[in-house]
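> Mind having a look at this structure? Questions to follow.
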Amino acid sequence: MYLRLLRTSVFCVSLVGGVFSFGLAHAEVSIKGKSMNPDISANFLGLWQQGTGISNTRTTTSHNGFSLQEAELQLTSDVDPYFRASVLFAISQTAGSTEFGIEPEEVFVETLSLPSFTVRAGKFKMALGKHNMLHTHAFPFIDAPLIHERLLGGEGLNEVGVSAAALVPTPWYSEFTAQVFNPSNETFYGSSSSSSLGTVFHWKNLWDLSDALTLEVGLSGSHGKTAADQSAHLWGSDITLKWRPSEGGKYHALIWTTEYLDGTHAELATTTSGDAQNRLNGIATWIQWQFAERWWLQGRYEHLGLSENFAIPSENRESLLLGYFPSEFSGLRLQYDLLSTQNKLKDDHRIALQAVFSIGAHPAHAY
Amino acid sequence: MKRNSLVLLAFFGCMSLAHARLQVVATLPDFAALTTEIGGEWVDVKSIAKGTQDPHFIEAKPSFMRVVHDADLVIANGLELEVGWLPSILRGARNPKVMEGNPGFLDLGASIQALDIPRGSVSRADGDVHASGNPHYNLDPIRMGDCAQRIADRLGQLDASHSQFYLDKAVAFRKRMIEKTKAWTARIKASGVHQVVTYHKSFTYFFNRFGITSPAMLEPKPGIPPTSTHILEVIRILRDQKVPLILVENYFDPTVTERIRQDLPSVRSKTVAIQVGGDPEIKTYDDLIEKLVQAVESASGRGRS
């Protein structure tokens with residue numbers, strides 16, 4: 001009894017000590033604000049679209065007319081001096097229904113105090129290229145590139161696993177990331193065995209060509225099992241030139257990104273052809289030009305099916321976007337797309353207007 | 001053989017000497033200039049932002065992460081000024097020495113007496129307001145004297161062998177600022193300029209120190225670009241209160257003042273650097289304040305006297 005009391009009091013003291021030191025460590029913090037609560041923010045994406053190739057059925061997730069494309073609720077905070085946690089729930093329409101579902105889009109902890117390394121565990125967007133890591137509200141266009149949608153599905157490659165990213169000791173910025181996950185992607189991977197492991201690697205390099213201009217080059221690859229337990233793999237490369245002058249940088253910027261993605265998957269097109277081995281690849285290249293403080297004009301060209309593959313028709317899409325951002329926290333984007341599909345006589349057109357809003361904690365932007 | 005090892009020894013000796021210099025990264029060029037003066041030959045100092053850039057909107061370039069990765073000390077302005085970019089750079093740098101709460105991270109804003117602290121709740125409807133107060137204290141030479149002291153203390157903590165050197169330099173800087181502030185105050189008083197309109201609230205501490213008031217901003221709200229109706233209101237204020245001078249921080253578009261000068265040709269409008277390096281002639285913190293005092297003097301004899 002006495003011993004138990006002693007143990008309890010020791011526990012209490014260490015608990016109080018822990019809380020106290022937590023308070024001390026964070027008492028002076030002001031670069032992120034003063035509160036001990038997690039940073040809470042929410043994003044809303046409202047969409048109106050009208051397209052010749054788009055469904056009029058309201059239960060289809062991407063349909064003509066008005067829709068709440070997605071709402072995201074994000075909570076982030078340092079857990080203690082060693083870890084940071086981020087939780088992001090996405091609320092979007094459930095396929096085949098007019099109801100909305102809530103999904104944990106990203107839930108992870110990552111290390112803060114390891115030298116040269118960041119280790120992350122949880123559910124997160126895998127480091128396959130550049131676009132796959134973006135949240136919907138940060139997409140450069142209203143939708144993801146065609147090749148990403150076709151190979152990885154609407155959610156992208158967003159899996160449960162562990163990641164380690166190391167800063168390589170080179171004179172330029174070079175980061176190598178290795179990730180292991182349970183493949184459960186809606187389109188590409190999907191092994192029913194929970195002991196089946198998938199891998200992703202990503203090598204990101206960035207050079208400052210001048211004070212205003214950076215060049216980023218990335219290479220990535222991934223391997224895993226399909227729903228029928230067959231081997232499948234992906235590889236990709238990305239190149240980005242980003243210009244923002246150090247004088248007048250509030251008013252002008254130019255970004256040119258090109259991303260290539262290539263997937264080999266035994267069951268990719270069984271529905272159309274029954275070919276044993278199938279490969280689908282595509283390229284997307286886009287330019288984003290900030291021509292005034294609040295205005296962006298953007299163009300994108302995409303080609304799906306670079307290598308001849310008769311099972312899957314090739315597609316071309318051209319998109320034009322005009323964006324108006326009253327502040328960092330709000331934006332309106334108008335996008336026009338022209339989609340031409342091989343063996344299809346008529347081209348598809350789409351016009352879409354999207355409203356983007358975010359409220360709550362000020363986000364720290366990624367470059 | 002012996003000569004070879006001597007050469008090697010000399011080489012490694014140089015390497016370790018080069019390495020012995022503290023690597024400091026300041027978020028803003030003014031703190032970099034201060035640290036260079038205090039640290040002298042014992043520190044290598046780099047600044048993330050340039051003097052020509054708006055410090056609210058610096059991009060978290062991975063190349064900055066590379067630089068912070070090798071740093072012994074990161075010096076930040078704080079008061080939420082760097083909230084949109086510094087946390088990303090610190091995380092990406094993967095350098096535990098400079099994470100918040102460790103001796104390698106110095107938040108100068110945490111110890112200064114802030115102005116413009118909003119009362120009650122803050123809302124984004126008021127624009128880009130900072131809950132902890134106005135973050136632009138870099139234009140007050142007296143507060144920067146206090147900052148010099150804190151920088152010296154921290155450098156001394158990280159490199160005890162030169163702590164006296166750092167302290168002496170900081171004391172000298174502080175004394176010089178107190179002396180110069182007296183002279184600057186006298187000159188501004190003599191200029192007869194009591195009111196100045198600016199683009200953003202970047203001058204709050206400068207005006208507070210030198211006895212100037214600011215009856216309007218060109219921005220209708222902090223961070224919100226000027227609108228034509230607001231500019232008409234500013235013109236009315238300038239005319240009614242006989243304000244002689246408009247100062248536009250050099251990272252904002254000054255063309256908005258053309259409309260004002262058409263209506264009020266007597267009002268002087270100047271584009272000014274508000275950080276070290278914002279203009280090629282501004283190499284030190286003293287140059288920065290000197291130039292701003294000259295800008296105020298340039299409107300002497302105009303408006304209300």
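> Mean-square fluctuation check for chain A, GNM, Cα pairs under 10 Å: which of A:Glu110, A:Glu99, A:Glu315 is largest?
Sorting by GNM fluctuation, first place goes to A:Glu99.
> Please give the charge dipole size of segment B:180-297, origin at the Cα centre, charges +1 on K and R Cβ atoms and -1 on D and E Cβ atoms. Round to the nearest 20 debye.
Charge dipole of segment B:180-297: 420 debye, to the nearest 20.
> Using only the alpha-carbon atoms, how far is helix A:2-27 inclined from the longest principal axis of chain A? Give it as 0 to 90 degrees, nearest 10.
Approximately 60 degrees, to the nearest 10.
> Starting from the Cα of A:Lys225, draw a straight line to each of the lysines and keep only those under 30 Å, dropping any in the same chain fewer than 8 residues away.
Filter leaves A:Lys123, A:Lys125, A:Lys130, A:Lys204.
> Give me the percent relative contact order of chain A, please, defined on Cα pairs under 8 angstrom at least 6 residues apart. Can you show the working numbers first?
Details: 879 pairs, mean separation 44.2, N = 367.
Taking the mean separation of contacting Cα pairs over the length of chain A, I get 12 percent.
> Compute the FRET efficiency between B:Ser63 and A:Val168 as 1/(1 + (r/R0)^6), taking r as their Cβ-Cβ distance and R0 = 22 Å, and round to the nearest 0.05.
Numbers: r = 14 Å, r/R0 = 0.62.
Efficiency at R0 = 22 Å is approximately 0.95.
> Please figure out what share of the DSSP beta bridges in the protein assembly as shown is antiparallel and state it in percent, rounded to the nearest 5.
Around 90 percent antiparallel, to the nearest 5.
> Could you check which residue among A:Ala292, A:Ala253, A:Ala266 shows the biggest mean-square fluctuation in a GNM of chain A with a 10 Å Cα cutoff?
Looking only at A:Ala292, A:Ala253, A:Ala266, the largest GNM fluctuation is found for A:Ala292.
> Length gain on complete extension for the stretch A:Ala366 to A:Ala95, per 0.36 nm per residue less the alpha carbon to alpha carbon distance?
Length gained, A:Ala366 through A:Ala95: 94.5 nm.
> Sticking with this structure for a sec: Set the Förster radius R0 to 30 Å, insert the Cβ-Cβ distance between B:Val171 and B:Asp116 as r into 1/(1 + (r/R0)^6), and round the FRET efficiency to 0.05.
Given R0 = 30 Å and the Cβ-Cβ separation, E is 0.55.
> Cross-link candidates for B:Lys182: which lysines have Cα within less than 27 Å, leaving aside residues fewer than 8 places away along the same chain?
By straight Cα distance, B:Lys182 reaches B:Lys169, B:Lys201, B:Lys242, B:Lys270, B:Lys283, B:Lys291.
> Taking the 0 to 90 degree range and rounding to the nearest ten, how far is the long axis of helix B:29-39 tilted relative to the main principal axis of chain B, both from C-alpha atoms?
Taking Cα atoms only, the helix is inclined about 40 degrees.
> Determine the relative contact order of chain B: mean sequence separation of Cα pairs under 8 Å and six or more apart, normalised by residue count, in whole percent. List each step's numbers first, then the result.
Numbers: 499 pairs, mean separation 49.6, N = 305.
In percent, rounded to a whole number, it is 16.
> Using the Cα gyration tensor of chain B, with a ≥ b ≥ c the square roots of its eigenvalues, what is the shape: rounded (a/c below 1.5), prolate (a/b larger than b/c) or oblate (neither)? Mind dumping the intermediate values first?
Numbers: a/c = 2.36, a/b = 1.87, b/c = 1.26.
Prolate, because a/c is 1.5 or more and a/b exceeds b/c.
> If you consider only alpha-carbon coordinates, what radius of gyration and Dmax does segment B:96-191 have, in Å?
Expressed in Å, the Cα Rg and Dmax of segment B:96-191 come to 17.1, 51.
> So, one more: From zero outward in steps of 20 Å, how is the percent of C-alpha pairs of the protein assembly as shown spread across the bins?
Going from the shortest bin to the longest, the percentages are 16, 45, 30, 9, 0.
> Positive end of the charge dipole of segment B:180-297 (Lys, Arg +1 and Asp, Glu -1 on Cβ, about the Cα centre): tell me which of B:Trp184, B:Gln275, B:Pro226 has its Cα farthest that way.
B:Trp184
> Sticking with this structure for a sec: Return the average number of partner chain Cβ atoms within 10 angstrom of each residue Cβ along peptide B:51-62.
Mean number of neighbouring Cβ atoms from other chains: 5.
> Run the paramagnetic zone check for B:Asn102: 7 angstrom along Cα to Cβ, then residues of segment B:145-161 with backbone nitrogen under 15 Å.
B:158
> If you don't mind, there's one more thing I want to ask. In debye, nearest 20: dipole of the protein assembly as shown around its Cα centre with unit charges on the Cβ of K, R (+) and D, E (-)?
Using only the charged Cβ atoms, the result is roughly 1920 debye.
> Would you be so kind as to identify which of A:Trp286, A:Trp203, A:Phe325 lies farthest towards the positive end of the dipole of the protein assembly as shown, taking Lys and Arg as +1 and Asp and Glu as -1 on Cβ and the Cα centre as origin?
Comparing the listed Cα positions along the dipole, A:Phe325 ranks first.
> Could I ask something else about it? Angle check, please: helix B:285-297 long axis (alpha carbons) against the longest principal axis of chain B (alpha carbons), in degrees 0 to 90, nearest 10.
10 degrees
> Of A:Ile351, A:His137, A:Ser307, whose Cα points farthest to the positive end of the dipole of the protein assembly as shown (charges on the beta-carbon: +1 Lys, Arg; -1 Asp, Glu; origin at the Cα centre)?
The residue sitting most towards the positive pole is A:His137.
Laboratory data are not the source of any read-out in this text; all were calculated from the coordinates shown. Note that the structure is a prediction, hence the values are computed from the model and not measured. Counting neighbours? That spans all protein chains shown, and the Cβs are built from the backbone with ideal geometry, glycine included.
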